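Inspection log for the structure reproduced underneath, given as structure tokens.
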Amino acid sequence: MAQPAVRGAAVRAAVKRALRARFYYPYVARRNGWQGEIDLGLHISADGRISRVHVVKSSGHRMLDRAALDSARSIKVLPELVDLLYGQALDLVLPVRYRLYDG
């Protein structure tokens, strides 16, 4: 059985990949140059279901916070997590960054 820290890191990586696939940067936010980091809280059930998604720390821009929440809430279940959770639920805080780059 994997150590809890290793298990948490593997779960975090899987959730980040799923979130990255659903990530969007609202056009209005990009046009206005809004950037920020949101810390999202998520509860992951032993069966891989994602629930209780909420903002732990705001970016300071409601639109960015909402986009991050919507992206995370669109992940209903990640069955690949079941083997990593060993029958245990997990609460996770995940940073979501919105950054604009020149070039």
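Only the coordinates and a few stated rules stand behind these numbers; no lab work does. Predicted model only: the values in this text are computed from it and were never measured. In this analysis, Cβ positions are derived from the backbone assuming ideal geometry, glycine residues included, and neighbour counts consider all displayed protein chains.
Assorted remarks:
- Seen from S51, the other residues with C-beta closer than 10 Å to its C-beta sum to a net charge of +4, counting Lys and Arg as +1 and Asp and Glu as -1.
- Cβ charges +1 (Lys, Arg) and -1 (Asp, Glu), total dipole of the chain, debye: 300
- When the charge dipole of the chain is built from unit charges on Cβ atoms (+1 for Lys and Arg, -1 for Asp and Glu) and taken about the Cα centre, the candidate among A18, A29, S59 whose Cα reaches farthest toward its positive end is A29.
- Calculated mean residue ellipticity at 222 nm for the chain: -11500 deg cm²/dmol, from DSSP H runs with n ≥ 4 weighted as -39500 (n - 2.57), summed, divided by the residue count and rounded to 500.
- Within the chain, longest stretch clear of exposed trypsin sites (Lys or Arg not before Pro) (DSSP loop, no more than 11 other Cβ within 10 Å): 1-75
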